[in-house]
1. In whole Hz and in residue order, list the ³J(HN,Hα) couplings for segment 99-114 that follow from phi through the Karplus curve 6.51 cos²θ - 1.76 cosθ + 1.60, θ = phi - 60°; x for Gly and Pro.
2. For the chain, give the magnitude of the charge dipole about the Cα centre (Cβ charges: +1 Lys/Arg, -1 Asp/Glu; no others), in debye to the nearest 20.
3. Long-range amide H contacts for THR41: which residues qualify at under 5 Å (H placed 1.01 Å from N, peptide plane, sequence gap of 5 or more or a different chain)?
4. Of the residues LEU35, LEU89, LEU100, which exhibits the maximal mean-square fluctuation in a Gaussian network model of the chain defined by a 10 Å Cα contact cut-off?
5. Among all the lysines, which ones have a C-alpha under 27 Å from LYS10's C-alpha, if same-chain residues fewer than 8 places away are not counted?
6. Going Cα to Cα from LYS30, which aspartates and glutamates come in below 16 Å? Please leave out same-chain ones fewer than 8 positions away.
7. Does the chain come out rounded, prolate or oblate by the C-alpha gyration tensor, with a ≥ b ≥ c the root eigenvalues, rounded set by a/c under 1.5 and, if not, prolate when a/b is larger than b/c and oblate if not?
8. Check ASP16: other-chain or 5+ apart residues with amide H under 5 Å from its amide H, H built from backbone geometry?
Amino acid sequence: MPMEFCYTGKIDKGGDKPPRPGCAPAWHDKILAGLPHIELTLLAGMYAQRYYLAAGNKKTLTETVRNWRDYGPTIISTPHPSWRTTGWLKNNVWFEAEQLPNLRAKVKALLELY
């Protein structure tokens, strides 16, 4: 589920504007109430991590993603998938070596249940 349900536009330097602060509080709880059996939450990007991890969020996206084990077995933090992530992945090779295999295994296990 996105942090916002409409496109906020582009910033002058390129890239998208951040989600508006009121959107997630207005809609997420209502949507999640209709999904009572969530077994895995993927927090993709710093806005989702800041919102859902609150005080558990680290100072940077990299620190938050690197400490994915701190958030329990059902929450996984990742960088937001975009063209900008390419450079981040090159600088953080541990992500593909450590975290992605864990994520793949969790998704596979859940898919096998259904």
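Bear in mind that the values in this text are calculations on the coordinates, not laboratory data. In this text the structure is predicted, and so the values were computed from the model without any measurement. Glycine also receives a Cβ, built like all others from the backbone with ideal geometry; neighbour counts cover every protein chain displayed.
1. So the J values, rounded to whole Hz, are 7, 4, x, 5, 4, 4, 5, 5, 5, 4, 4, 5, 5, 5, 6, 10.
2. That gives the chain a dipole magnitude of about 300 debye.
3. The list, which skips near neighbours in sequence, is ILE75, ILE76.
4. Greatest mean-square fluctuation among the candidates belongs to LEU35.
5. LYS58, LYS59, LYS90
6. Candidates past the 8-residue exclusion: GLU4.
7. Numbers: a/c = 1.72, a/b = 1.08, b/c = 1.59.
It is oblate, given that a/c is not under 1.5 and a/b is not larger than b/c.
8. The list, which skips near neighbours in sequence, is ILE11.
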